[in-house]
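Report on one structure; see the data block that follows.
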Amino acid sequence: MTSRTLFANVFRFLFLVLIQVLVLRRLALEWAGFPYVNALVYPLFLMLLPITLPRWGQFLLAFILGISVDLFYDSPGIHASAAVFTIYLRPYILRWLEPRGGYNLNHIPAKSWLGYGWFFRYSASLLFFHCLFYFSVEAFNFANIGGTLLRILTGFFFSLIGIWIIVMIFNPKE
Amino acid sequence: MRNLLQLFVRFGGLFMFLFLEVICFTLIVNFNERHNQIFLSSSNAVVGFVYERYANSRDYFKLDEQNAQLLQDNQQLLANIEQLQKKLARLEELTRDSLPRRIAQRTEAGNDQDDFEFIGAKVINNSITANNNLLTLDKGKADSVVHHAGVINGKGIVGVVRSVSNHYASVMSVLHRESRVSVSVKDKAYFGSLVWKGNDPKKMNIDAVPKHAEFAQGDTIVTSGYSYLFPAGIIVGTIDTFWVPPGDNFFEIEISLVNDLSKLEHAYICINKNRDDLLTLEREVND
């Protein structure tokens, strides 16, 4: 991993956490009467981690990322558990979407290297599992399962839009 | 050893995943109020069911013993009624048409509405050996038991309801390190909070009694009634020793518990009828 990749990831971490807790959390609070506008963009950090990063490092970063978001959301462990779940699934999704020639291990799995179609399937599937896990753990019971499902779907939809806006603006390569 | 290492290489991701999720869920159920409540009441429902089955089968074998015990209790009660009726008759004769009688009638009318309602329950699980002791009762929301209600038995206090599911209640025994009950010295106004330091299930401590208070060894300790949990005057224990730690303004009091919590079979849950009223008032003051 080059130092450029390292800097890019540190910057991405800070940027996504700040966007999440300063902008999107406010947005969700503004719409408190309608609890479905809940976009989660920080999973983008997990999606773009280098493929060659050791597994334990990926887990640790996911945990730290989740806990950082939790600190601001005042919900210790909820975002962290979802982030750990997402990073756990990442290799399986990567294997499922592996292009014919395999991955270039020097590149991060990003839109700029692997194309729109590939990155859409990749981000959507990881994000779906993230939202599924996050909103289920947040509800923590089966009492209002319809509401939870609706929150999963709308949260997924808004998160995907948020992540793609960021990807279109910055087009990350490192 | 090598096999173990190979296992870890193969399933390392899964181990890491499970390990971190355990940490996350520990955080979730410990530090999120709502998640904590859901976790307690659902675990309560499962655990309560198992314990009830166990207690039922155990009770069956102890029926003889319990019958004998109840018979003895009944005899005692009947004897008490006899005595009391005699006393009452004598008193009525003495005070017929006198001033004290009229006063007594008036105060009786004033105290007509009881603050507390008592729900009898069977203890289906109990521990006294752990640092934080809990017990389970076979009454729950369906029997109008609520969160944070005091629990007593015939001899004295038992604990406080910590969470309720539909048919069970989990009670934090007074022998629990987080348990705090407001108590006072009988017939004196001094009050403090009853805590358990975690060693002897027959000994408890009282904190925060000011240095100028006066009492003696052997004085009775009762609940103070300064909370919505317990009615005033439930017996707790007797004072063993007391001293003021150097540089402190409060007594350190050690008492011996009257109630033997290792032999609990039945208990009564005290439901304060004014509970909601009190809670709203306290919340308004705190906000």
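The values are calculated or read from the model by the stated rules, or taken from the named source; none is laboratory data. Quantities reported herein were computed from a predicted structural model and do not represent experimental measurements. Here Cβ is always computed from backbone atoms with ideal geometry, including for glycine, and neighbour counts include all displayed protein chains. The accessibility values were calculated without ligands, DNA or RNA, using every heavy atom of the protein model including side chains. Shrake-Rupley method; radii C 1.70, N 1.55, O 1.52, S 1.80 Å.
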| query | By per-residue mean of other Cβ atoms within 10 Å, what is the highest-first order of A:114-121, A:100-107? | reply | A:114-121, A:100-107
| field | Listed peptides A:7-14, B:180-187 by packing density, highest first (mean Cβ within 10 Å) | value | B:180-187, A:7-14
| remark: Comparing B:Gln85, B:Gln217, B:Gln66 in a Gaussian network model of chain B (Cα, 10 Å), the one with the largest mean-square fluctuation is B:Gln85
| query | Averaged across the residues of A:49-56, what count of C-beta atoms belonging to other chains lies within 10 Å of each residue's C-beta? | reply | 1
| request: At a Cα cut-off below 20 Å, give the aspartates and glutamates reachable from B:Lys197, other chains included and same-chain residues fewer than 8 away excluded. | output: B:Glu178, B:Asp207, B:Asp240, B:Asp248, B:Glu252, B:Glu254, B:Asp260
| task | With springs only between Cα atoms under 10 Å apart, run a GNM on chain A and tell me which of A:Leu65, A:Leu53, A:Leu97 wobbles the most. | result | A:Leu53
| task | Subtract the Cα-Cα distance of B:Leu84 and B:Tyr60 from 0.36 nm times their separation in residues, and report this length gain in nm to one decimal. | result | 5.1 nm
| request: At a Cα cut-off below 26 Å, give the lysines reachable from B:Lys86, other chains included and same-chain residues fewer than 8 away excluded. | output: B:Lys155
| request: Treating each Cα of chain B as an identical point scatterer and ignoring solvent, apply the Debye formula and state log10 I(q)/I(0) at q = 0.13, 0.15 Å⁻¹. | output: -1.10, -1.30
| request: Rounded to the nearest Å, what's the spacing between the alpha carbon centres of region A:68-123 and region B:222-287? Just the number, please. | output: 54
| query | Are any of the pairs B:Lys122/B:Lys188; B:Lys122/B:Lys211; B:Lys87/B:Lys139; B:Lys141/B:Lys263; B:Lys87/B:Lys188; B:Lys139/B:Lys211 more than 32 Å apart by Cα-Cα distance, and if so, which? | reply | B:Lys122/B:Lys188; B:Lys122/B:Lys211; B:Lys87/B:Lys139; B:Lys139/B:Lys211
| Test item: A:133-139 mean partner chain Cβ contacts at 10 Å | 2
| message | Can you show me the helix-derived [θ] at 222 nm for the protein assembly as shown, built from DSSP H runs with n ≥ 4 at -39,500 (n - 2.57) apiece and divided by the number of residues, rounded to the nearest 500. | response | -17500 deg cm²/dmol
| message | From the gyration tensor of the Cα coordinates in the protein assembly as shown, what semi-axes in whole Å does the equivalent ellipsoid have, largest first, with each one equal to sqrt(5λ)? | response | 61, 24, 23
| field | Ranked order, B:Glu117, B:Glu65, B:Glu33 - accessible area, probe 1.4 Å, largest first | value | B:Glu33, B:Glu65, B:Glu117
| note | Counting Lys and Arg as +1 and Asp and Glu as -1 over every other residue whose Cβ sits under 15 Å from the Cβ of A:Ile169, the net charge comes to +3
| said: Can you list the residues in region A:62-81 whose accessible area drops by at least 40 Å² when all protein chains are present, compared with the chain alone? Use a 1.4 Å probe, heavy atoms only. | reply: A:Phe63, A:Pro76
| said: Rounded to the nearest 100 Å², what is the buried accessible area between A and B, both sides summed, probe 1.4 Å? | reply: 1600
| query | Among all the aspartates and glutamates, which ones have a C-alpha under 16 Å from A:Lys111's C-alpha, if same-chain residues fewer than 8 places away are not counted? | reply | A:Glu98, A:Glu174
| Diffusion coefficient, µm² s⁻¹, Stokes-Einstein with Kirkwood Rh over alpha-carbon pairs of region A:3-170 at 10 °C and 1.306 mPa s | 98
| task | Go ahead and set up a Gaussian network model of chain B, Cα springs under 10 Å, then flag whichever of B:Asp115, B:Asp73, B:Asp143 fluctuates most. | result | B:Asp73
| request: Pull out the extension gain between B:Asn74 and B:Lys141, defined as 0.36 nm times the separation in residues minus the alpha carbon to alpha carbon distance; nm, one decimal. | output: 21.1 nm
